[in-house]
Amino acid sequence: MANKRVNAVVVGAGAGGGVVAKELATGGLSVVLIERGRWHSYDEHGDDELTSQRTFPLKCGFGPDNERNWRMSPDGKNGWVKVFPNQWSYGNNAACVGSGTVSYGAMAWRFQPDDFRLKSKYGAVPGSTLEDWPLTYEEIEPFYEKAEYEIGVAGDPTNDPFVPPRKKPYPMPAFSLNGEGIILEKAAWRLGLHPFPIPMLRNSVPYNGRPACIRMRTCVGYACPVGAKAGTQNTVIPAALKTGNCELRINCMVSEIMIDDKGRAKGVRYFDADNRLQEQVSDIVVVSASASESARLLLNSRSRLFPAGAGNNNGWVGRNIQDHAYAGAYGLFEEEVYDDVGPGACIAVNDFNHRIPGIIGGGVLCNEFIRMPYQFTSIRPRNSKMWGIEHKDFQKRYFRRHIAVHGPAQEMPVFDKKVEVDPVVRDFWGIPVARISGSRHDNDIKAGRFLAEKAEEWLKEAGAVSTWQAVPGKESTPSQHQSGTCRMGNDPATSVTNKFGQLHEIDNVFIADGSLHVNNGGYNPALTILALGYWVGGHIIDMWKGTKMK
Amino acid sequence: MISRREFVRITTAAGAAMLVSFNTSCRNKISRWRFLTGEEISLLDAIVEQIIPTDDFPGGRWANVSNFIDRQLDSYYRKHQVAYREGLSAMGMTVFQLKGRKFEELPFAEQTDMMEMMESGTFPGDYWEEHSPAGFFNMLRDHSLQGFYGSPVHGGNREYISYRMLGLDYPNIIGQNRYKDLSWRIYDAKSPANGK
Amino acid sequence: MKRILVIVSVLILAVVLLLLSYGRWNNASPSKTCAGCHEISHSVDLWAESTHRDIQCKSCHGTALSEGIHSLREKGVMLFHHNRKMKPEDVRISESQRLAVMGKCVACHRAESSKWNSGGHTMNYSEVFLNGEHNKQEAINDDCLRCHGMFYDGKSVAGIVEPLDTSGPWKLKNAGLKDRPAIPCFACHQVHKTGTPGKRPVLDTPSSLHYARADQKLESFYYRRSEMYFPVTVLSTPGINYQSSLVRVSDDPGQRLCIQCHSPNAFNMSGTADDRTPRGVHEGISCLACHDPHSNSAMASCKNCHPAISNCKLDVEKMNTTFADRSSTNNIHFVACTDCHVKGRPAKKL
């Protein structure tokens, strides 16, 4: 039986897709939201570290599964090796209703105004395709605000002199600090830094009909037991479904965007929950499947007019994939600093974003989310023995006596750091798989080293008796912060979409996820992806009103 | 139409079969282990005890780490079955050749020496085909740590012993949320406690 | 005619054989029957060392056919999975099966059961999940199942009640859940656990009578998140703090069960959330010193320790605390001398 034609198909029910589906459905369009994963509840996951989304030796609890999904990754010898979602070289992002927003740590950062005009501020960077965004911070500010109010953010910028300008206060007060947060806050003031509580997409007080946070230790990597953590699965997606205009189809894998002879999209082809090939015809297609999978879908949608994939006649789809060059330090203390008050991360300094001579970008520094016991087994000073009685002594002595401070150093977009589709290897459904390759720009390493040094200074001031740094390497596979593969821009020659997320080459296909980022800021990107969802969704509604996208 | 004789034969056979199945089931074939053999388990028990030795807290053996590994080899780690079968046998044979005794019969310190040789790559690799001693060592170490620190739902970390060792309450105690005491929840940017 | 006779006699023979076989099966030792299934053998091993080792499996769990067609289907599915090598690690019985077993507990432990029925923990699903006063203050969430409905078969509280918001009106998704006990015996009692069968006390040595039940402790906390029991001996006693110093907390293992649900907030602050850990005049006393574990009544408990008339010449049971009057501002769990004697404790009146 053929599916009924709808106004819009949204591919991927994560941060971007969830918001767009809700904007379109409330704007009166008929929407089909297609998600390859399913609903997850806290109750089915519990707090099992080995299948969380943070450490996943057995499997990625929130998807995708190893049985049907794989990618190719460089083997270091000019060849490729098959990798699975629970390997770091896969570059995983969760696949379920809500996607990463179910199990994320929920930091709610706005990018700095300078992040939107990086090239103007720093000039062209050799070896990088660095560019200004086609939209300014002032243009996106109302959409950040909308995301903060509709999804729900707790924060207090009083003590942050570098806070991006905002018109309204946060809708909820900030979270109190845990024990290590108080220690670090005092140390930061002594160093002349400006500590403040991390804004969080998490209820500090009851908000939008959901309860307040109970401060569990297992937060990042896990679903929330009380629903205090806000994701699209417990905010905008239920709102979209409530309108009656949006149908959510779970366990459905989209294989291609169908393009007609005039070069316009006529819908998508997908495998349903029983792995039968289906077609969904629509006026508009919105792709929000994450930077790697959105690029893969466009590249796999080949047609007469777009032999290299939808919207890819300039060869820019899948290019410039970025994440963050995470860097930081660990400190060991004489006294216990652990008080088991979750989620751990609570205090930040913005002093090292755009204020570093010789470095482009930079990043925020925060104390890290609680490291659970298995994750802690890999946290050691260099040259430590990783097993035996030394291992056990370290676990016992330092689990409650260590603090980690980390920050996402901004990565420079590099044209050859990219997502392609493999010419031979196919996944369970027979869809060509993604392969991700390329190395970081030298600036990322430099910025990372700088942040690690500052993190170490901070820990020493806080009283750490022994410290060591963790610095980023040249090679990495972008994963939970992946972005940049369908960047927006004013020049159709060096970007994939216009400033509204609309493909330059196909006017009824939109992108709404991290793929749009021209750069990824020095912050966790979730709030920016949510804001872009509102931005793109709002502009689709505006265009629809005039033309019905015919 | 079946003949009378045939009918009698089938019915008796069926009755007998039911009787047999009721009374024997398969209790004779019960092994505690799923993939590994009893012999492999006794070697693995000694290995996991090397990775996480007993001190004032129990070690890998008590915590059922071998059970964790055996269980994963029958589920998530089916892909490592060959490595374990080959690795445990190769390790056993090499140690016997070097020491004239089984690994698990060696004094603890000598076992540690063997493990260190494997880790550093100086352990003879003659009996290995697909994997190296060092590669196998790393796998053993990772899996042992998972078994000791992961959730007991996967067969290891008996009674959450590692959590108790780390001073981490489990089940962790957090009360309900409906009470309107907000002071502990919220950050006060002006508070002198915040050190400004 | 002859043919029919043969067929009938063969059928009768078959039925007789089956009945004999089933009868033999039902009376055989569990180590030869129940434990014959890999999936059940672990439970049988635990039972064989437990307090109830003298009571046969079928006395609590019924026979392979006591649930009729449902039993046959269940066993059929087990056999099918077994032969497909899809072995579960352990058998899990469903919530309704647990409740059926609970009926057997009650049949023997009548006194405890009637005490339980007189107490405040005897709540059923509709009383817990449809409590409007509570639901208006906090939306129902999966964490509720930590302490109520912990054996619910579904994978989210969303399967029990709707809507999950603070405006209501709330109703059970399945009206049949209405009378289910939300805290069944097995929330705190682990039956398959090491112990010794009860025996009559030796009345010749009265001084040792209280040891008779010392090793009978079945108290364990069932933690839904990991689907495991935690014996009271391994449960933690959190460091409760009040005004930046630690409260002295009783080391009675029995009360570690109470605090699993009557818990403070994440900072372990005394008196927050559901915490009732005694502070003030009763600091350091176990919950069970005053509360009966089954009825949780504390009505007759004062005289365990106090003379009826206090140093202040007042009847302790009538002092201004929540013991005498629920609306008092002096919570009996936290009351201190200085709450009434604001100028400090007066000298002892003789």
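The values are calculated or read from the model by the stated rules, or taken from the named source; none is laboratory data. This structure is a prediction, so every number in the text was calculated from the model and none was measured. FYI the Cβ positions are ideal-geometry reconstructions off the backbone, even for glycines, and counts take in every protein chain you see.
What the table below lists for this structure:
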{"quantity": "Index of the failed condition, B:I174 passing every other in (1) of a type in the set (V, I, T); (2) within 25 Å of A:A154 (Cα to Cα); (3) more than 8 Å from chain C (Cβ to nearest Cβ)", "calculated": "(3)"}
{"quantity": "Residue among A:P206, A:P195 that is within 14 Å of chain C (Cβ to nearest Cβ) and either more than 21 Å from the chain's Cα centre (by Cα) or acidic (D, E) (or both)", "calculated": "A:P206"}
{"quantity": "Yes/no for A:G538 being in a loop (DSSP other than H, G, I, E, B) and either buried (at least 24 other Cβ atoms within 10 Å of the Cβ) or over 20 Å from the mean Cα position of the chain (by Cα) (or both)", "calculated": "no"}
{"quantity": "Close pairs from the range A:488-517: first farther than 20 Å from A:Q322 by Cα, partner among the charged types (D, E, K, R) and surrounded by fewer than 24 Cβ atoms within 10 Å (Cβ to Cβ), Cβ under 6 Å, at least 6 apart", "calculated": "A:N508/A:R264"}
{"quantity": "Extreme residue, nearest to C:H189 (Cα to Cα), among residues of the range C:35-68 that are facing chain B (nearest Cβ under 10 Å) and in contact with a Lys or Arg (Cβ under 9 Å, 6 or more places away or on another chain)", "calculated": "C:S41"}
{"quantity": "Condition met for A:R382 (modelled with pLDDT under 95 and exposed (fewer than 15 other Cβ atoms within 10 Å of the Cβ))", "calculated": "yes"}
{"quantity": "Qualifying position, being of a type outside the set (F, W, Y) and under 15 Å from A:S294 (Cα atoms), among A:L459, A:L527, A:L451, A:L503", "calculated": "A:L503"}
{"quantity": "Failed item in (1) within 22 Å of C:F221 (Cβ to Cβ); (2) at pLDDT 95 or above, with C:D90 passing the rest", "calculated": "(2)"}
{"quantity": "Considering residues of the range A:69-82 that are in a loop (DSSP other than H, G, I, E, B) and surrounded by 15 or more Cβ atoms within 10 Å (Cβ to Cβ) only, the residue nearest to the other protein chains (Cβ to nearest Cβ)", "calculated": "A:W70"}
{"quantity": "Residue within the range A:389-401 that is hydrophobic (A, V, I, L, M, F, W, C), touching a residue at least 60 places away in the same chain (Cβ under 8 Å) and more than 28 Å from B:D55 (Cβ to Cβ) present", "calculated": "no"}
{"quantity": "Pairs, first closer than 22 Å to C:T196 by Cβ in the range C:52-65, second modelled with pLDDT of 85 or more, C-beta under 7 Å, six or more apart", "calculated": "C:H52/C:V191; C:R53/C:W47; C:S59/C:K104; C:C60/C:V101; C:C60/C:K104; C:H61/C:V101"}
{"quantity": "A:P85 being surrounded by fewer than 24 Cβ atoms within 10 Å (Cβ to Cβ), within 14 Å of another protein chain (Cβ to nearest Cβ) and within 30 Å of C:Y222 (Cα to Cα)", "calculated": "no"}
{"quantity": "Among (1) of a type in the set (K, R); (2) surrounded by fewer than 16 Cβ atoms within 10 Å (Cβ to Cβ); (3) in contact with a Phe, Trp or Tyr (Cβ under 6 Å, 6 or more places away or on another chain), the one test that B:K79 misses", "calculated": "(3)"}
{"quantity": "Search result, residues across the range A:265-302 that are in a loop (DSSP other than H, G, I, E, B) and at negative phi", "calculated": "A:D272, A:A273, A:D274, A:R276, A:S288, A:A289, A:S301, A:R302"}
{"quantity": "Residue check for B:S191: over 20 Å from the mean Cα position of the chain (by Cα) and away from every other protein chain (no Cβ under 11 Å)", "calculated": "no"}
{"quantity": "Test for A:K262: is it touching an Asp or Glu at 6+ places or on another chain (Cβ under 9 Å), surrounded by fewer than 23 Cβ atoms within 10 Å (Cβ to Cβ) and in a loop (DSSP other than H, G, I, E, B)", "calculated": "no"}
{"quantity": "Residue in the range A:394-416 that is more than 13 Å from chain B (Cβ to nearest Cβ), of a type in the set (D, E) and either more than 25 Å from the chain's Cα centre (by Cα) or surrounded by 18 or more Cβ atoms within 10 Å (Cβ to Cβ) (or both) present", "calculated": "yes"}
{"quantity": "Matching residues in the range C:129-164 - criterion: being facing chain A (nearest Cβ under 9 Å) and charged (D, E, K, R)", "calculated": "C:E138, C:D142, C:D143, C:R146, C:K155"}
{"quantity": "The lone exception for C:S126 - which of (1) away from chain A (no Cβ under 14 Å); (2) surrounded by fewer than 15 Cβ atoms within 10 Å (Cβ to Cβ) it fails", "calculated": "(2)"}
{"quantity": "Residue in the range A:195-211 that is farthest from A:L365 (Cα to Cα), counting only those that are modelled with pLDDT of 95 or more and in contact with a Ser or Thr (Cβ under 9 Å, 6 or more places away or on another chain)", "calculated": "A:S204"}
{"quantity": "Filtered residues of the range A:253-274 (kept if in contact with a strand residue (DSSP E or B) (Cβ under 8 Å, 6 or more places away or on another chain) and farther than 15 Å from A:L33 by Cβ)", "calculated": "A:S255, A:E256, A:I257, A:M258, A:I259, A:D260, A:A265, A:K266, A:R269, A:F271"}
{"quantity": "Residue satisfying all of: in the range B:44-102; more than 10 Å from chain A (Cβ to nearest Cβ) and hydroxyl-bearing (S, T, Y); nearest to B:W33 (Cα to Cα) among these", "calculated": "B:S66"}
{"quantity": "Residues of the range B:162-196 satisfying the condition of being assigned to a helix (DSSP H, G or I) and closer than 26 Å to C:L145 by Cβ", "calculated": "B:S162, B:Y163, B:R164"}
{"quantity": "Restricting the range A:41-65 to residues that are assigned to a loop (DSSP other than H, G, I, E, B) and facing chain C (nearest Cβ under 9 Å), the residue that is farthest from B:P171 (Cα to Cα)", "calculated": "A:S41"}
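Here's the yes/no breakdown for (1) on the phi < 0 side of the Ramachandran plot; (2) assigned to a strand (DSSP E or B); (3) touching a residue at least 60 places away in the same chain (Cβ under 8 Å):
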| residue | (1), (2), (3) |
| --- | --- |
| A:G181 | yes, no, yes |
| A:E185 | yes, no, yes |
| A:A188 | yes, no, yes |
| A:F196 | yes, yes, yes |
| A:S204 | yes, no, no |
| A:A212 | yes, no, no |
| A:R217 | yes, no, yes |
| A:G221 | no, no, yes |
| A:P225 | yes, no, yes |
